[in-house]
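A quick write-up on the structure given underneath.
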Amino acid sequence: MSKICINIAWPYANGPIHLGHVAGSLLPPDIFGRYNRLKGNEVLVVGGSDQHGTPITVTAEKEGSTPEAVAERYHQINKKAIEDMHIEYSLFSKTHGDNHIEVVSGIFVDLLKKGYLYEKETDQYYCAKCRKFLPDRYVEGTCPKCGAKDVRSDQCDSCGTTFEPGDLIETRCIHCGNEPEVRQSNHFFLKLSAFSDQLMEYVEDKDHWRSNVNTFTMNWLKEGLLDRAVTRDMSWGVPVPVPGWEDKVIYVWFEAVIGYLSTSIEYSKMVGKPDLWKEYWKNPDTKHYYFIGKDNIPFHSIIWPAILMGAGDLNLPYDIPANEYLMFKGGKLSKSRGGAIDIPAVLSEFDADAVRYYLSVNMPDTHDADFTWDDFQTKINNELVSALGNYYHRCLSFTHKNFGQIPPADTEEGAKEVIDAISSTLKEYEDCLSKCDFKKGIRAVMELSRFGNRYFDSVKPWALVKSDKDRCGRVMNNNLRIVKALSVMAWPFMPSSSEKIWRYLGYEESLEKSGMAAVMSELPAGKAVDEPMPVYKKVDIEIPEEDVSSEETAESAGSFADFRKLDLRVGKIISAEDHPDAEKLFLLKVDIGEESPRQVVAGLKAHYSKEQITGKSMILVSNLKPAKLRGVVSQGMLLAADDEGLGGRSVQLLRPSKDVPVGTKMNSGTNNSSAEIEYKDFQKVKMLVSRAAEGKILCNSMKIDLPSDAPERVAVIVDGDKAMALGDGKGCTATVDHDIMDGAGVR
């Protein structure tokens, strides 16, 4: 038995939590916590509402209310929404409370005494018209590095660059629109630079961290750490515990992360064991996990560890499984920027377990994921209901109708196939969940349900019950063993429905208490099987108009429907090997920003050498159903232009026209699906490469919009009489390296 401390990112209490919060940082820790409880581990889960900082004051000003009233209202709304999503905390706390303020003040004073905090005059934005210093969220402008607009003055969400006052260009005060000036203000700073060597040593052995976390952290450390202000000119927040500093508060980034510790202490007091927190924070055998979004990586991999090092004798993070963003309408789900789908509204229409399932299979773990109502409906109806729900119901209802109880176990050879399938799935499942790879974990569960459906069909119990009822009972026992295994392994993902199935099997002890051992245990033969009801139901969604990008007209919303099924990503070929059984095929490893590179089989040996293709940037169809090509699984398909049908002899990989990060979506600014597709779906999409001039494609004179710096040749998607450039929708288009005949097809 191990102790696990699960720390969950603190959503701001300035509005209802949305699907992006749940997919990014709230559902993953609940899955992980439930999994560990099934394993028999002792789990402490802490987090709560971030009630301080400018997001709260901005909302309060808009509503004509007070920050405290806004923070408390949304704390209660979000607490209920989290509970309704069946997400369990040991304690869901809040930062505007006496315990938190006391713990934060204690850490602040301790670091000050040790010399890790010091005073310094610093530049701050000041609005002469509003007559006050402006916190970061009160100043917006243009990112000097990537050119993104409406960027907050502390950090660019598009490229991750952080700013000091004066770095942002074209700045404006969000209150009055006036351009703020930079003035001096006295603040306390955390001597982050003092921890550089310790932090570098700390992260050196973190090979189990996700690549995005490792890369982000190492880049920060290699660039050199700068000391950071830990106070700000505001009245709402944790007071600075130093006389003469009454007009300032502790910066929210500093005090919010201390909330993990303060909530652990608060929970210990609440359960009557005031020293319990020490078993989780001072015992070196306890592992700490931090579930956050990617925008919070440096605060948890560098700044919070530095604070813990300064405080001394406290456990550092073991793992930080940061998720990417869940996207909607081509942009990040965000309360502050609009476009969010809030949880109370979603749960008023759909069952929590259905939402949990969709967000699990569409989790933005290693790259951004898209949310669409169409994809939600497809995955619920075609996967959750048709595969898992159907298998549950057909097994339980058949058993109830024909036996009324769990039949005796199968002692013949037929049982081995079932036991081996369950055992193999369990091994894969545990490997995935222990590494916080939840998307692959739920896929393993679903694959076992598909095996179960195939097994049920193969033994034909509806016929067997008429000819050999005893034998039918034994094969149904095999089926019910699969049902039981599925209910246990699905419980971390879909707890409510899994508990119902568990009860239908006749168990009185809770599923959680029975634990992971129940996956392989035999069924209680003779136990009554009650008449079951389906635990999942199909959804029928009328796709709302707002699900279509505001940049698209109603007429064009239905255009490019086949293209919208493709999930195209920029990737880099990191290695090329010969296929062992095919002379014309390469085995490629392709990095598209996921934790592990994709294996792709490509017929390009006639056109590229290993040296030529290795290191190339290219475009991958990332949601193509994996397929075996000459005995080797291929996890995607590279796009290439081919003019052989026009009498030419050139086959060239499509590549991005600009240096963009791997994983960049090449969806031309449309709202594309990430649902898995067949090769025949790809074949329906018409793409070609041509020169373009004066807004037209030269091969057929179709009109097309192109950025001013577009390359000579561009890849184009054609749908009837409409065409658009293949690209990221932000100025990067798809092109080729060399001349190719106009109208060359893409395959």
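The values are calculated or read from the model by the stated rules, or taken from the named source; none is laboratory data. Keep in mind it's a predicted model, so treat the numbers as computed, not measured. Glycine also receives a Cβ, built like all others from the backbone with ideal geometry; neighbour counts cover every protein chain displayed. These accessible areas exclude ligands, DNA and RNA; they are computed on the full protein's heavy atoms, side chains included. Shrake-Rupley method; radii C 1.70, N 1.55, O 1.52, S 1.80 Å.
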Checklist outcome for this item: In nm, the gap between the two label points placed 7 Å beyond Cα toward Cβ at Leu91 and Lys132 is 3.2 nm
Checklist entry - Taking a Cβ-Cβ separation under 4.7 Å as the criterion for a possible partner, which cysteines of the chain have none? => result Cys5, Cys176, Cys395, Cys432, Cys436, Cys472, Cys699, Cys732
Checklist entry - For Glu678, what is the net charge nearby, where nearby means another residue's Cβ is under 13 Å from its Cβ and Lys, Arg count +1, Asp, Glu -1? => result +1
Checklist entry - So how do 203-216, 650-663 stack up, highest first, on mean other-Cβ count within 10 Å? => result 650-663, 203-216
Item to check | Placed amide H near Ser49: partners under 5 Å, 5+ positions off or other chain | outcome: Ser93, Lys94, Thr95
Checklist entry - Under a straight-distance cross-link criterion of Cα-Cα below 21 Å, which lysines are reachable from Lys466, leaving out those fewer than 8 residues away in the same chain? => result Lys401
Item to check | Where labels lie 7 Å past Cα in the beta-carbon direction, separation of Ala582 and Asp197 in nm | outcome: 5.5 nm
Checklist outcome for this item: Among His96, Trp462, Ala322, the residue whose Cα sits farthest towards the positive end of the charge dipole of the chain, when +1 is placed on the Cβ of each Lys and Arg and -1 on the Cβ of each Asp and Glu, is Trp462
Next on the checklist: For the pair Ser575/Ile169, report the inter-label distance in nm, with labels modelled 7 Å from Cα in the Cβ direction.
Outcome noted: 4.2 nm
Checklist entry - In terms of modelled amide H atoms, which long-range or inter-chain residues lie less than 5 Å from the amide H of Leu316? => result none
Checklist entry - Each residue of segment 517-526 in order: what ³J(HN,Hα) in whole Hz does its phi give by Karplus 6.51 cos²θ - 1.76 cosθ + 1.60, θ = phi - 60°, with x for Gly and Pro? => result 4, 5, 4, 9, 6, 6, 7, x, 4, x
Checklist outcome for this item: Yeah, the chain with a ≥ b ≥ c from its alpha-carbon gyration tensor (a/c under 1.5 is rounded, else prolate when a/b outruns b/c, oblate otherwise) is oblate
Checklist entry - Out of Gln612, Ile107, Met309, whose Cα points farthest toward the positive end of the dipole of the chain (charges: +1 Lys, Arg; -1 Asp, Glu; placed on Cβ)? => result Gln612
Checklist entry - Can you list the aspartates and glutamates whose alpha carbon is less than 17 Å from that of Lys703, not counting same-chain residues fewer than 8 positions off? => result Glu552, Glu555, Glu694, Glu712, Asp719, Asp721, Asp742
Checklist entry - At a Förster radius of 60 Å, what calculated FRET efficiency corresponds to the Cβ-Cβ distance of Met1 and Ser701, to the nearest 0.05? => result 0.25
Checklist entry - Amide H neighbours of Leu585 under 5 Å, counting only residues 5+ apart in sequence or on other chains, H built in-plane at 1.01 Å? => result His579
Item to check | Per residue accessible area of the chain, 1.4 Å probe, in Å² | outcome: 42 Å²
Checklist entry - Can you pull the percent of the chain's accessible area that's carbon plus sulfur, 1.4 Å probe, other chains left in place? => result 47 percent
Checklist entry - Using r as the Cβ-Cβ distance of Arg450 and Asp313, and R0 as 56 Å, what FRET efficiency do you calculate, to the nearest 0.05? => result 0.65
Next on the checklist: Taking the Cα centre as origin and putting +1 on Lys and Arg beta-carbons and -1 on Asp and Glu beta-carbons, what dipole magnitude results for the chain, to the nearest 20 debye?
Outcome noted: 1200 debye
Next on the checklist: From the helices alone, meaning DSSP H stretches of at least four residues, give me the mean residue ellipticity at 222 nm for the chain, per-run term -39500 (n - 2.57), in deg cm²/dmol to the nearest 500.
Outcome noted: -9500 deg cm²/dmol
Checklist outcome for this item: In this structure, among Lys287/Lys435; Lys39/Lys484; Lys572/Lys665; Lys572/Lys680, pairs with alpha-carbon gaps over 19 Å are Lys572/Lys680
Checklist entry - Which net charge results for the neighbourhood of Ala229, defined as the other residues with beta-carbon distances under 12 angstrom from its beta-carbon, given Lys and Arg at +1 and Asp and Glu at -1? => result -3
Item to check | Residue-wise HN-Hα coupling along segment 723-729, computed from phi with Karplus coefficients 6.51, -1.76, 1.60 (Hz; x: Gly, Pro) | outcome: 8, 8, 6, 7, x, 8, x
Item to check | Sites Glu349 and Arg630, calculated FRET efficiency, Cβ-Cβ separation with R0 60 Å, nearest 0.05 | outcome: 0.80
Checklist entry - Taking the highest mean first, how do the peptides 255-264, 104-113 order by number of other beta carbon atoms within 10 angstrom per residue? => result 255-264, 104-113
Item to check | Cβ-based charge dipole, the chain, positive-most Cα from Ser634, Ala582, Pro711 | outcome: Ala582
Next on the checklist: Given axes a ≥ b ≥ c from the Cα gyration tensor, I'd like to know whether segment 1-139 is rounded (a/c under 1.5), prolate (a/b larger than b/c) or oblate.
Outcome noted: oblate
